[in-house]
Amino acid sequence: MKNCYEPFPMHIDRVVIETTDATLKSFELTFDRKEDREEFFSKYNPGQFCQLSIFGKGEAPIGIASAAWEGDFVRFTVQKMGKFTTAIHAMHAGDPIGMRGPLGNGFPLDEWKGMNLLVIGGGCAFSTLYAMTKHILHPSHRADYAEITALYGTRNSGLCLYKPVIEEWHNRSDIEVHQAIDIAEDDWKYHVGFVPAVLEEMAPKPKNTVAVLCGPPVMTRFTLPILTKLGFPPERIFTSLEKRMKCGVGHCGRCNIGHKYVCKDGPVFTLKELQELPNEI
Amino acid sequence: MKNKKPSIILFQCQYCLASMQDQYWVEHELPANVKLVKVPCSGRIDPMYILNAVQGGADGIIVCGCMPEKCHYKEGNLHARRTLSEFRNFLSSLGYPQERFIFHWMNIDERAVIQPLIAEFEEHLETLKPQTLLKTRTFSQEGS
Amino acid sequence: MASTRNIKIQTEAKRLLQEKAVDVVIGFKKGTLPYKMQPCFIHDAKEVEQLELNGLCSNNLAVYLNHRPKGEKTAIVVRGCESRVVQALVLENRHARENLYLIGVPCIGILDLQKLQADEQDPILAVEEEGDQVRVTYRSGEKTFKRIEILHDACLHCNHPQPMHADMVIDEPGYFEDQPYEKSYLDSFRKLSIEKRNARFKEEAERCIRCYACREACPMCTCEECFVNHSRPQWTDSTTNPAGQQAWHIIRAFHQAGRCVSCGACERACPMNIKMTYLTDLLNQDIFTEYGFEPGVDEALLPPFLTLGDDQVKFTDQQEDNHAG
Amino acid sequence: MQAKWISKKDLQKLVAKWVKKYAVYAPVYNGKELAFQIVEKPAQIVLDDYLNTRYPAKSLILPQSEVLMKYDGILHGVENAEKEKIILGIRSCDARAMRLLDHALIDDQNPDEYWKRKRDSAIIFTLGCNEPEETCFCTAVGGSPFGTNESDGLLIDMGDAYCIYLMTEKGKVLFKDLPDADEAQLKNVKKMTKQVEKDMPALLPKQELHDALMASFETDFWKDVSQSCLGCGVCTFLCPSCFCFDIVDETVRKERVRNWDTCMFRTYSLEASGHNPRPTKAERTRQRVMHKFAYWVDLIDEIGCTGCGRCVKYCPVNIDIREIAATALQQDFEGMKK
């Protein structure tokens, strides 16, 4: 059995500065060993995360932002925040790095087959939703799902992630994309306002639809009631949580909400599951 | 290992070396056994820096600061003098003798004083055994 | 039967709460074990009968002042050491003195559980204090001690058992009188060879399990973030290895130089029975010799590391002497 | 279940034999206190008149600091070959805690190699408690001073001899040459153990307590309980069933180390953004108590506290988990909710 604390040796293949203020960068990592790559892709399901590891700086759990079909790399979008993320922001293509994963449950894509998807993302938490949407938009998966609607809100247009791809989505017919920013800007073509308000305005139909929600806690707190108001039942509202983590495999104890561990039993939970757990987010 | 020179950590305030030659010497020509830790002011030297040096196995510690009334930050040197001399007393009661830890307050007109000072200190340290009492780390360089 | 001391404390607490002079009274109440007392927070005048003070009250109550809601009017039962903490913290601008009401109690000393329970495998079933006598019932039988035999070392070396700066003092005799500053017990340590001192220090420090009970029990440890928790940069090992253990004990003590009131709460909180007040006492003795300063005693004098006094002049003179000589 | 009989002298002789082949850990007086240490001479072992060690025996399997990986450009897991261990004289509360930790650290997908390796190489003999301490409450949380399903064998002190119940093959092998205990002896043992158990605290209503605590979650109960808490780690570090750990890099030694960590520290759940799901002592105390009395019940239908009483005895401010449980059972939390 493999040691669950030992990271895969990886290298950074490409670094993309995502936002105009450069607090968000995407890192594409490639595997040093073939067997690690095979192991990773045999398990990977969008919505999962990895523990990135830089010796001396520790580890940090980061959501996976690439779909498996994109290539032999794994993408992570990292916001500069604490000790680890500051360190990774200083790294360049070609630098070695460690990675453990994929960890967590990911989105139950099989369960959702045949249904409409409503994807709601805010800020940098959009990364795993991006991976999921990309996965679904692939020709071999697209037919499994009905209509796809995405709503992506950022504070301003400069903070929008994956701009070229989202631009392309706007022109596609198999996905309906809404974008929102908090304050109006001159050449902005889309919605202006907070995600909950825009969502209420869009008024998506709850029938046969799954809502997937990832965003900062404030956004989540105000968007959930809107979804409920629109008629989405709690078992069809999915969200992904964040906690401080160390081990990532349910041993070290700190990421629990009630008896569930976010790292092992999550990070994706339905609103129904969360309602049954103590309120400690 | 017998001939190994005593390791010295030199904590140096960046303002007090007035002469260019001395400055250059400290920055580029220090003997290999002396490590320079440049600080913006002697008042910036946290006892933790000193302790890290001690735990890392430094045989001697020199703290260089400005003369009274010459501190760039008005009274950083006074602060350093108060706290660090007490810390020196404290360390000496726990296993790091005072003679291994010296202060040097520099004068503006001082020229070529630091070189003999270090040499003399080194000579003195050579008469002592390598410090082991508070050494807890087995590496040669240490950070601060 | 409540002792007259306790009754007087209760009466004062009741008066304060009834007159709404304070929101809460912090004191001690009976614990769940015969040899432990619990800190308690009385909000209601009806509950004052819980208040008690005896030799088993091992904590320094002033530690709770750091966690009380802002602006709360707090009355606190203080012995000598606690009263000095309050004064020291007020000087450091940690608390507003006008929000505090100190119920001073002349100290009767704190019993040392370690001395009380020399054999840890022989549990204590009851402790009764009667003046100078302390009767302890163990599983193996009864034993009577003189109070002085089982007092905590910090209390034996205490020179200000009488509460200072208190708003009222309970009129009951304490066990000790105030004395001039002297920590002569340190002499035997200072006289040891450097190797022996070092060995003594290591023997204590390296039993540390890094639970930080000493830090949390200390009323003077008021930092928002402790140096051991700091991650950028990481100051020292957070592991229980000698480097980390020694660094913790050295720097913790040093942060208390000229601040520690020598109450010994750290030692009594330590689950591993590590001796550590001697470290801060060593520092404080130096500071007393150098500056004549005792933490928490004077109402206006700042601790030596918060002020520079007339160092500018003194230091200049000293340097001039050096150069002349 | 096999029952053997051995005189105390013979046990010493047996241990003398074990010492040659195994690493034998037993309570030994180390100059300051009793602690589990490697035994060199059987005479060192203190099994009579001993209540429990202060430092929990979990440290033998989950040491306070453990090197997980070494770094030389990439991180490599360390694999220390473990000598087979015999842990002799551990109390059944501590043994039960080890079983709980098995649940926590060994799951199907990602078993903790370091724990598993040490655990598999250990043979554990518990020692029944003939005279439990006043702080002991194993019977209240579903254990017993003579718990048999926690370890490989259970020793019961019968004056000048031990009665040994052997539960596993590993245990049986070590005592195979001994005579079986006879009927009369076993009857005496039963009588004695029954008497001891009778004087211990009564069993807590597990489910009722679980429900009460769940109801208490958002009430001020926890604020009151935690008011005197100092926020140190004594209760959790000395707890035999606490297993939380932190993983840190010691750059100087080029090692990635895991250290015990505790939910009682502020930094335990503090996130890089500054958000802390458990910002005050109230939430942290709640986490400690609820993890033991509610979350464990959800997970494996057992209380996660083993009743050793260490947190009660060593808490600097005498916060008593027994008292918290008892109060929670009596409170009307529905009425307290904001």
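Kindly provide the set of residues from the range D:165-207 that are touching a strand residue (DSSP E or B) at 6+ places or on another chain (Cβ under 8 Å) and of a type in the set (K, R), ordered by number. Outline the logic, then answer.
From the range D:165-207, those touching a strand residue (DSSP E or B) at 6+ places or on another chain (Cβ under 8 Å) are D:165-168, D:170-172, D:174-175, D:178-182, D:185-186, D:189, D:192-193; that's our starting set.
Passing the criteria: D:K170, D:K172.
Evaluate the following for D:T285: is it part of a loop (DSSP other than H, G, I, E, B), under 16 Å from C:E216 (Cβ atoms), more than 8 Å from chain A (Cβ to nearest Cβ) and modelled with pLDDT of 90 or more?
No: the conditions fail for D:T285.
Scan (1) within 14 Å of another protein chain (Cβ to nearest Cβ); (2) among the β-branched types (V, I, T); (3) crowded, with 18+ Cβ neighbours inside 10 Å for the single condition C:T137 breaks and write down its number.
The number of the failed condition is (3).
Yes or no, residue by residue, for (1) surrounded by fewer than 23 Cβ atoms within 10 Å (Cβ to Cβ); (2) farther than 24 Å from C:K36 by Cα:
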| position | (1), (2) |
| --- | --- |
| D:D224 | yes, no |
| D:E250 | yes, yes |
| D:R256 | no, yes |
| D:M264 | no, no |
| D:H291 | yes, yes |
| D:I300 | yes, yes |
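Given the criterion open to solvent by less than 20 Å² (accessible area, probe 1.4 Å), within 11 Å of chain C (Cβ to nearest Cβ) and under 21 Å from B:L30 (Cα atoms), identify the matching residue among B:G56, B:G76.
B:G56
Which one is farthest from D:T285 (Cα to Cα) among residues in the range A:261-281 that are at the interface with chain D (Cβ under 9 Å from one of its Cβ atoms) and open to solvent by 10 Å² or more (accessible area, probe 1.4 Å)?
Here the residue is A:K264.
For the range D:64-96, what are the residues that are touching a Pro at 6+ places or on another chain (Cβ under 9 Å), outside any helix (DSSP H, G or I) and in contact (Cβ under 8 Å) with a residue 40 or more places away in the chain?
D:M69, D:L75, D:L88, D:G89, D:I90, D:R91
If you go through the range C:265-298, how many residues are among the charged types (D, E, K, R) and at the interface with another protein chain (Cβ under 10 Å from one of its Cβ atoms)?
Selection size over the range C:265-298: 3.
Here is a yes/no grid of residues against (1) in contact with a strand residue (DSSP E or B) (Cβ under 8 Å, 6 or more places away or on another chain); (2) within 14 Å of another protein chain (Cβ to nearest Cβ); (3) surrounded by fewer than 20 Cβ atoms within 10 Å (Cβ to Cβ); (4) among the hydroxyl-bearing types (S, T, Y):
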site	(1), (2), (3), (4)
A:N3	yes, yes, yes, no
A:E6	yes, yes, yes, no
A:H11	yes, yes, yes, no
A:V16	yes, no, yes, no
A:T30	yes, no, yes, yes
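Only helices (runs of 4 or more DSSP H) wholly contained in the range D:97-212 count here; list those with 1 or more residues that are open to solvent by 70 Å² or more (accessible area, probe 1.4 Å) and at positive phi.
Answer list for the range D:97-212: none.
Considering every residue within the range D:206-226, establish whether at least one is within 12 Å of another protein chain (Cβ to nearest Cβ), without any contact (Cβ under 8 Å) to a residue 12 or more places away in the chain, within 26 Å of A:G258 (Cβ to Cβ) and over 25 Å from the mean Cα position of the chain (by Cα).
Within the range D:206-226 (the criterion being within 12 Å of another protein chain (Cβ to nearest Cβ), without any contact (Cβ under 8 Å) to a residue 12 or more places away in the chain, within 26 Å of A:G258 (Cβ to Cβ) and over 25 Å from the mean Cα position of the chain (by Cα)), the answer is yes, since at least one residue qualifies.
Mind checking whether some residue in the range D:18-27 is open to solvent by less than 20 Å² (accessible area, probe 1.4 Å) and either without any contact (Cβ under 8 Å) to a residue 60 or more places away in the chain or within 14 Å of chain A (Cβ to nearest Cβ) (or both)?
Checking the range D:18-27: not a single residue is open to solvent by less than 20 Å² (accessible area, probe 1.4 Å) and either without any contact (Cβ under 8 Å) to a residue 60 or more places away in the chain or within 14 Å of chain A (Cβ to nearest Cβ) (or both).
Return only the number of the condition from (1) at the interface with chain D (Cβ under 10 Å from one of its Cβ atoms); (2) among the aliphatic types (A, V, I, L, M); (3) open to solvent by 30 Å² or more (accessible area, probe 1.4 Å) that A:A90 does not satisfy.
A:A90 satisfies all of (1) at the interface with chain D (Cβ under 10 Å from one of its Cβ atoms); (2) among the aliphatic types (A, V, I, L, M); (3) open to solvent by 30 Å² or more (accessible area, probe 1.4 Å) except (1).
Looking only at the range D:266-289, filter to residues that are free of Cβ contacts under 8 Å to residues at least 24 places away in the same chain and open to solvent by less than 10 Å² (accessible area, probe 1.4 Å); which one of those is nearest to C:L33 (Cα to Cα)?
D:R278
Among the residues of the range C:38-58, are any in a helix (DSSP H, G or I), surrounded by 19 or more Cβ atoms within 10 Å (Cβ to Cβ) and β-branched (V, I, T)?
yes
Return yes when D:S228 is open to solvent by 10 Å² or more (accessible area, probe 1.4 Å) and at pLDDT below 90 and no when it is not. Steps first, please.
Working: open to solvent by 10 Å² or more (accessible area, probe 1.4 Å): yes; at pLDDT below 90: no.
In short, no.
Anything in the range C:216-237 that is crowded, with 21+ Cβ neighbours inside 10 Å, touching a residue at least 24 places away in the same chain (Cβ under 8 Å) and either more than 10 Å from chain D (Cβ to nearest Cβ) or not aliphatic (A, V, I, L, M) (or both)? List them, or say none.
Within the range C:216-237, C:E216, C:C218, C:P219, C:M220 qualify.
Restricting attention to the range D:305-320, which residues are under 21 Å from D:Y295 (Cα atoms) and either small (G, A, S) or touching a Ser or Thr at 6+ places or on another chain (Cβ under 6 Å) (or both)? Break it down stepwise before answering.
The first filter runs over the range D:305-320 and keeps only residues under 21 Å from D:Y295 (Cα atoms), leaving D:305-312, D:319-320.
Residues satisfying the conditions are D:T306, D:G307, D:G309, D:V312, D:D320.
Residue-wise test of (1) assigned to a strand (DSSP E or B); (2) touching a residue at least 12 places away in the same chain (Cβ under 8 Å); (3) out of contact with any helix residue (DSSP H, G or I) (no Cβ under 9 Å at 6 or more places or on another chain).
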site	(1), (2), (3)
B:W25	no, yes, no
B:V37	yes, yes, no
B:N52	no, yes, no
B:G57	no, yes, yes
B:I62	yes, yes, no
B:K70	no, yes, no
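Within the set of pairs 6+ apart or on separate chains, which have a first residue in the range A:112-132 that is on the phi > 0 side of the Ramachandran plot, a second that is part of a helix (DSSP H, G or I) and open to solvent by 10 Å² or more (accessible area, probe 1.4 Å), and C-beta atoms under 8 Å apart?
Sorted first by the residue in the range A:112-132, then by its partner, the pairs are A:G123/A:L159; A:G123/A:M219.
Can you name every residue in the range B:79-127 that is open to solvent by 60 Å² or more (accessible area, probe 1.4 Å) and in a helix (DSSP H, G or I)?
Result: B:H79, B:Q98, B:E99, B:P116, B:E120, B:E123, B:H124, B:E126, B:T127.
Among the residues of the range C:87-95, is there at least one that is closer than 24 Å to C:D298 by Cα and free of Cβ contacts under 8 Å to residues at least 12 places away in the same chain?
yes
If we scan the range D:292-308, do we find a residue that is at the interface with another protein chain (Cβ under 9 Å from one of its Cβ atoms) and part of a loop (DSSP other than H, G, I, E, B)?
Within the range D:292-308, none of the residues are at the interface with another protein chain (Cβ under 9 Å from one of its Cβ atoms) and part of a loop (DSSP other than H, G, I, E, B).
The values are calculated or read from the model by the stated rules, or taken from the named source; none is laboratory data. Not measured: the values here are computed from a predicted model. Because the Cβ atoms are built from the backbone with ideal geometry, glycine has one as well, and the counts that use them run over all protein chains shown. Note: areas computed on protein heavy atoms with side chains; ligands, DNA, RNA excluded. Shrake-Rupley method; radii C 1.70, N 1.55, O 1.52, S 1.80 Å.
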